[in-house]
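Read the structure below first, then the notes.
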Amino acid sequence: MEFDREERRALERILRWRRDVRHFRTDPVPEAVMERLPEAMGWAPSVGNARPWRVLRVRDAALRAGVRAEFERCNAEAAAAYDSAARSEYVKLKLAGLDAAPEHLAVFTVSDPAAGRGLGRRTMPETLHQSTAMAILTLWLAARAENLGLGMVSIVDPAVIERLFDVPEDWHFSAYLCLGWPEFNDDTPLLHRVGWQENQPTEWDER
């Protein structure tokens, strides 16, 4: 398969417009779209073809409330760790779309899946988590191509989330994702736009 310039430009637009969305409309995502996303996620690379990611579509109100409570607890702790000037900036940030996003996804990584038969991870077991991270990015781009927004909620304690969802012992929390239609479109990252941290180029060095 060879791609032309228009396809490269389309990919560039998707990459540029991949934003960590936290402002969502509450409109539901059609089931036809939700059925396409797992397939797209399955196209992600994974070490030894282990495909270690496990995704829970969180629809239970009590579980969602538990995640929200854990986020609020951890967010308060994070705010307290800053000095007063930075704290006042921090508390103004919208760091999660938990209230409005119609879809919530809890993503876990299996620590030693039978799939892949250990290939490629004996010296670097972290490649399992890296595989899940690549699968999440693949999902993110696929969602953006559907004109959806996705946001990651990282301000939670993984152990608390694992207990909340009562997952098997060999499932380790990787990410909690909010998915839905963006309330507005902007290709500038939120933290850049509000002055918390501007985008900085990362140069490739040579050795």
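The values are calculated or read from the model by the stated rules, or taken from the named source; none is laboratory data. Keep in mind that what you see is a predicted model, and the values were worked out from it rather than measured. We place every Cβ from the backbone using ideal geometry, glycine too, and count neighbours over all the protein chains shown. Just the protein is used for accessible areas: all its heavy atoms, side chains included, with ligands, DNA and RNA removed. Shrake-Rupley method; radii C 1.70, N 1.55, O 1.52, S 1.80 Å.
Here are the numbers:
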| item | result |
| --- | --- |
| Neighbour cut-off at most 10 other Cβ (10 Å), DSSP loop, GluC sites (Glu not before Pro), the stretch 1-86 | GLU2 |
| The stretch 72-120, accessible area per residue, ligands and nucleic acids excluded (1.4 Å, Å²) | 53 Å² |
| From phi via Karplus (6.51, -1.76, 1.60), per-residue ³J(HN,Hα) for the stretch 164-170 in Hz, x at Gly/Pro | 4, 8, 6, 7, x, 4, 8 |
| Along the chain, longest interval not containing exposed chymotrypsin sites (Phe, Trp or Tyr not before Pro), exposed being DSSP loop plus at most 14 other Cβ atoms within 10 Å | 83-183 |
| Residues in the stretch 122-147 that a label on ASN199 would reach, taking backbone N under 20 Å of a point 7 Å out along Cα→Cβ | 137-147 |
| FRET efficiency for ASN147 and ALA61, using Cβ-Cβ distance with R0 set to 30 Å, rounded to 0.05 | 0.65 |
| Gain on full stretching of the segment that runs from ARG207 to ASP83 - 0.36 nm per residue minus C-alpha separation | 40.7 nm |
| Answer label for Rg/Rh (Cα atoms, Kirkwood Rh) (calculated), chosen among (1) 1.07; (2) 0.94; (3) 0.98 | (3) |
| Rounded to the nearest 10 Å², the accessible area of THR202 at probe 1.4 Å | 120 Å² |
| Stretch gain in nm, segment ALA69-HIS23, where the contour uses 0.36 nm per residue and the Cα spacing is subtracted | 14.7 nm |
| DSSP bridge pairs, the chain: antiparallel proportion in percent, nearest 5 | 95 percent |
| Accessible area of the stretch 114-207 belonging to carbon and sulfur atoms, whole % at 1.4 Å probe | 51 percent |
